[in-house]
Amino acid sequence: MYYRSLSVTFVFLLFQMPNILIVEDHPVVVEGLQKLLCDKGITANCLVANTVKDCLLTLNVITPDLILLDYNLPDGNGLDLCKTILNMKPFMKILAISSYKEQSLVMQMMENGAMGYVLKNASEGEIIEAVTVVLSGKKYLCEETQNILNKKNSNHSILTRRELEVLKFISDGFTNPEIADKLFISPLTVDSHRKNLIVKLDAKNTASLIKIAFQNKYL
Amino acid sequence: MMPETLVKMGLKGALSDFCDNMNASNSMTVRFQFVGQFERLEQKFEIGIYRIIQELVNNAVKHSQADKLIVQMVQEPHRLCLIVEDNGKGFDVSAIGQGKGIGLNSVKSRIETLNGRIDISSEFGKGSEFIIEFILL
Ligand SMILES: Nc1ncnc2c1ncn2[C@@H]1O[C@H](COP(=O)(O)OP(=O)(O)OP(=O)(O)O)[C@@H](O)[C@H]1O
Ligand SMILES: [Mg+2]
């Protein structure tokens with residue numbers, strides 16, 4: 001009898017606990033996060049996906065309450081994955097957990113719909129806070145990320161959807177007329193985007209544009 | 001009606017205020033970003049461009065069902081480029097001028113008067129983009 005009620009309580013607790021999907025390829029980080037979330041009583045229901053593909057397959061069968069999303073994945077990146085997930089499940093709560101401190105990346109991630117951004121070197125307290133806040137439906141940035149975003153002279157602005165498309169084609173070596181054909185816009189417009197990108201990323205020419213775009217993880 | 005900020009601060013400040021207000025009064029996120037080197041322009045440019053952006057943003061609010069709108073102004077010593085991009089439902093660009101509306105036609109004729117260029121592209125389900133460019137002499 002005692003055992004029975006205990007297990008009923010346990011099952012009940014499991015139902016109450018949020019489902020969290022960790023999308024991360026480093027086993028050490030995964031274990032650390034799982035242990036932390038479990039120890040602090042946030043959840044015992046941690047699912048893990050090591051790749052973009054894994055993540056999407058998992059999401060086909062289950063809708064977690066929260067996704068912890070890494071940037072570097074073996075078959076893609078968290079930035080694009082964030083968008084893909086939200087196309088599938090527009091109300092998904094996504095917390096980016098990353099070691100990258102580039103302002104542009106943090107901004108793009110939030111722009112792509114993540115509800116929070118926390119650095120991997122943040123304190124345990126901050127990570128737990130981030131998880132709890134995002135689970136409750138609010139936005140969260142860890143302290144260091146806030147500082148990164150508040151930095152003055154932030155000359156990196158958000159790139160528009162079209163600018164990102166043009167940038168991608170430029171880096172693949174396509175010419176203005178070719179890009180124009182692909183995007184159904186005029187070659188003059190492609191050139192406007194190219195010029196804007198050069199100003200926005202503070203580049204001198206197309207070659208340095210591509211380099212800076214890579215460094216800032218736009219590509 | 002000419003907004004006071006346009007007279008006092010020029011396009012950058014006025015567009016930024018306008019977008020902030022639109023952002024606050026609509027469910028859509030309206031974001032303004034300026035890049036480059038700001039300089040005041042001839043008044044007819046400032047007024048014309050302000051009106052153009054107003055119409056494009058109002059259109060996005062009225063028709064696009066987007067949740068995000070970016071208004072971008074890139075100014076260089078001899079070039080001015082404005083972009084209005086939404087992530088809404090898109091529309092048939094070839095049908096502009098066929099309905100009752102006059103907004104986009106007046107946008108086009110304003111741009112012509114100012115010797116500028118506009119390219120409109122739109123994709124159903126993805127959004128619309130208006131890109132406007134002027135050579136500054
Ligand atoms: N950002 C947009 N997203 C989706 N559809 C748009 C967008 N902008 C314009 N349209 C479509 O193009 C049509 C023409 O726009 P236009 O500004 O000329 O007219 P209007 O806004 O309907 O009326 P008016 O501007 O005269 O008050 C609109 O009715 C709408 O169907
Ligand atoms: Mg209109």
**Request:** Say whether the condition of being in contact with a Pro (Cβ under 9 Å, 6 or more places away or on another chain) and more than 16 Å from ligand 1 (Cβ to nearest atom) is met by at least one residue in segment B:7-16.
**Result:** yes
**Prompt:** Do we find that B:Arg31 is more than 20 Å from B:Ser109 (Cβ to Cβ), out of contact with any Ser or Thr (no Cβ under 6 Å at 6 or more places or on another chain) and either within 16 Å of ligand 1 (Cβ to nearest atom) or among the charged types (D, E, K, R) (or both) in this structure?
**Reply:** yes
**Request:** Kindly indicate whether any position in segment B:73-83 is surrounded by fewer than 18 Cβ atoms within 10 Å (Cβ to Cβ) and on the phi > 0 side of the Ramachandran plot.
**Result:** no
**Asked** Would you pick out the residues in segment B:110-137 that are within 14 Å of ligand 2 (Cβ to nearest atom) and part of a helix (DSSP H, G or I)?
**Response** B:Arg110
**Asked** Which residue out of B:Lys62, B:Lys44 is away from ligand 1 (no atom under 15 Å from the Cβ), surrounded by fewer than 19 Cβ atoms within 10 Å (Cβ to Cβ) and not polar (S, T, N, Q)?
**Response** B:Lys44
**Asked** Somewhere in segment B:2-19, is a residue in contact with a Gly (Cβ under 9 Å, 6 or more places away or on another chain) and within 14 Å of chain A (Cβ to nearest Cβ)?
**Response** no
**Fill in**
Considering residues that are free of Cβ contacts under 8 Å to residues at least 60 places away in the same chain, within 16 Å of ligand 2 (Cβ to nearest atom) and of a type in the set (S, T, N, Q), the number found within segment B:47-95 is 4
**Message:** If I ask for residues that are at pLDDT 95 or above, of a type outside the set (A, V, I, L, M) and under 17 Å from A:Tyr218 (Cβ atoms), which ones from segment A:79-105 would you list?
**Reply:** A:Cys82
**Request:** Inspect all residues belonging to segment A:24-38 and state whether any of them is in a loop (DSSP other than H, G, I, E, B), touching a helix residue (DSSP H, G or I) at 6+ places or on another chain (Cβ under 6 Å), surrounded by 12 or more Cβ atoms within 10 Å (Cβ to Cβ) and modelled with pLDDT under 95.
**Result:** no
**Request:** Could you tell me which numbered condition B:Gln37 fails, if it satisfies all but one of (1) modelled with pLDDT under 95; (2) closer than 27 Å to A:Glu111 by Cβ; (3) surrounded by 13 or more Cβ atoms within 10 Å (Cβ to Cβ)?
**Result:** (3)
**Asked** Say we look at segment A:181-191 and pick out the residues that are more than 29 Å from the chain's Cα centre (by Cα) and assigned to a helix (DSSP H, G or I); which of these is farthest from the other protein chains (Cβ to nearest Cβ)?
**Response** A:Asp181
**Asked** Taking segment B:86-105, which residues are among the polar types (S, T, N, Q) and either more than 14 Å from chain A (Cβ to nearest Cβ) or within 6 Å of ligand 1 (Cβ to nearest atom) (or both)?
**Response** B:Gln98, B:Asn105
**Item:** Breaking point among (1) more than 17 Å from B:Ile131 (Cβ to Cβ); (2) at pLDDT below 95, for B:Lys62
**Value:** (2)
**Prompt:** Among all residue pairs at least 6 apart or on different chains, which show Cβ distances below 6 Å where the first residue, located in segment B:22-44, is in contact (Cβ under 8 Å) with a residue 40 or more places away in the chain and the second is aromatic (Phe, Trp, Tyr)?
**Reply:** none
**All positions within segment A:155-171 that are more than 7 Å from every other protein chain (Cβ to nearest Cβ) and either modelled with pLDDT of 95 or more or part of a helix (DSSP H, G or I) (or both)** = A:Glu163, A:Leu164, A:Glu165, A:Val166, A:Leu167, A:Lys168, A:Phe169, A:Ile170, A:Ser171
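The values are calculated or read from the model by the stated rules, or taken from the named source; none is laboratory data. Please read these numbers as outputs of a predicted model, since none were measured by experiment. Using ideal geometry, Cβ is built from the backbone for each residue, glycine included, and neighbour counts are taken over all protein chains shown.
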